[in-house]
Amino acid sequence: MSRKILIGILLLSAFGCEDQGSQSLPLDPYERWKSYGLHDYMIDQVRVCFCPEVGDAMRITVRADTIASVVRLSDGSTMSYPVTTYYLTVDSLFGIIRNPGTDSLVVTYNETYGYPETLDVNPQLHPVDGGVLYTTSNLRRR
């Protein structure tokens, strides 16, 4: 076998073929999120609207798909009801996206996990009452 053909075969095998053992992540953000099977995690979330606790960054701990705690990042204080109901799990954010009703939405997604990094509900209503912006980041598996 000539040296040029051998080099060509080696280059094709190195660059032209996909690793058969690797699986690609789903392209749909919701399917990507579900593919990780996360039910216990922590996220940081900011909610901006004409409402209480506006603009405060919160650390949300989720256990078994339910919010277990909400802690204000600026001072470490633990929030209690009703403040805890103002923040959302990733599945709850997707619930709004998948069933928007008459709301208009603007959404950006995390490239790795697929969760909504920003969810702006009724952006044309800001800053008056009626719209809300959720910014979610820093996902950590538990």
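State whether one or more residues within the range 64-83 are among the basic types (K, R), in a strand (DSSP E or B) and on the phi < 0 side of the Ramachandran plot.
Scanning the range 64-83, I find at least one residue that is among the basic types (K, R), in a strand (DSSP E or B) and on the phi < 0 side of the Ramachandran plot, so the answer is yes.
Run R59 past the list (1) among the charged types (D, E, K, R); (2) at pLDDT 95 or above; (3) in contact with a Phe, Trp or Tyr (Cβ under 9 Å, 6 or more places away or on another chain) and report the number of the one that doesn't hold.
Looking at each condition in turn, R59 falls short on (3).
Does G131 count as surrounded by fewer than 19 Cβ atoms within 10 Å (Cβ to Cβ), at positive phi and either of a type in the set (A, V, I, L, M, F, W, C) or modelled with pLDDT under 85 (or both)? Steps first, please.
Numbers: surrounded by fewer than 19 Cβ atoms within 10 Å (Cβ to Cβ): yes; at positive phi: no; either of a type in the set (A, V, I, L, M, F, W, C) or modelled with pLDDT under 85 (or both): yes.
No: the conditions fail for G131.
In the range 48-57, how many residues are among the small types (G, A, S) and loosely packed, with under 13 Cβ neighbours inside 10 Å?
The qualifying residues number 1.
Would you point out the residue of the range 50-76, among those that are over 20 Å from the mean Cα position of the chain (by Cα) and among the acidic types (D, E), that is nearest to D120 (Cα to Cα)?
Out of the qualifying residues, it is E53.
Condition check ((1) surrounded by 13 or more Cβ atoms within 10 Å (Cβ to Cβ); (2) in contact with a strand residue (DSSP E or B) (Cβ under 6 Å, 6 or more places away or on another chain)) across all residues:
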site	(1), (2)
Y30	yes, no
K34	yes, no
M42	yes, yes
V46	yes, yes
R59	yes, yes
D65	yes, no
S74	no, no
Y87	yes, yes
D91	yes, no
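Is it true that some residue in the range 41-54 is closer than 17 Å to L139 by Cβ, part of a loop (DSSP other than H, G, I, E, B) and among the charged types (D, E, K, R)?
No, the range 41-54 contains no residue that is closer than 17 Å to L139 by Cβ, part of a loop (DSSP other than H, G, I, E, B) and among the charged types (D, E, K, R).
Do you know which residues across the range 84-109 are closer than 16 Å to H39 by Cα and either part of a loop (DSSP other than H, G, I, E, B) or out of contact with any Leu (no Cβ under 6 Å at 6 or more places or on another chain) (or both)?
If the condition is that a residue be closer than 16 Å to H39 by Cα and either part of a loop (DSSP other than H, G, I, E, B) or out of contact with any Leu (no Cβ under 6 Å at 6 or more places or on another chain) (or both), then L88, T89, V90, D91, S92, F94, G95 are the ones that fit.
Scan the range 95-111 for residues that are without any contact (Cβ under 8 Å) to a residue 12 or more places away in the chain and exposed (fewer than 12 other Cβ atoms within 10 Å of the Cβ) and jot them down.
N99, G101, T102, E111
Return the only residue of N138, N110, N122 being within 13 Å of the chain's Cα centre (by Cα) and on the phi > 0 side of the Ramachandran plot.
After ruling out the rest, the residue left standing is N138.
Out of T136, T118, T112, report the one residue that is assigned to a strand (DSSP E or B), at pLDDT 90 or above and out of contact with any helix residue (DSSP H, G or I) (no Cβ under 8 Å at 6 or more places or on another chain). It would help to see each step written out before you state the result.
Values: T136 fails: out of contact with any helix residue (DSSP H, G or I) (no Cβ under 8 Å at 6 or more places or on another chain); T112 fails: assigned to a strand (DSSP E or B).
T118 is the lone residue from the list that is assigned to a strand (DSSP E or B), at pLDDT 90 or above and out of contact with any helix residue (DSSP H, G or I) (no Cβ under 8 Å at 6 or more places or on another chain).
The values are calculated or read from the model by the stated rules, or taken from the named source; none is laboratory data. Just so you know, these numbers come straight off a predicted model, no measurement behind them. Reconstructed Cβ throughout: ideal geometry from the backbone, glycine too, with neighbour counts over all protein chains shown.
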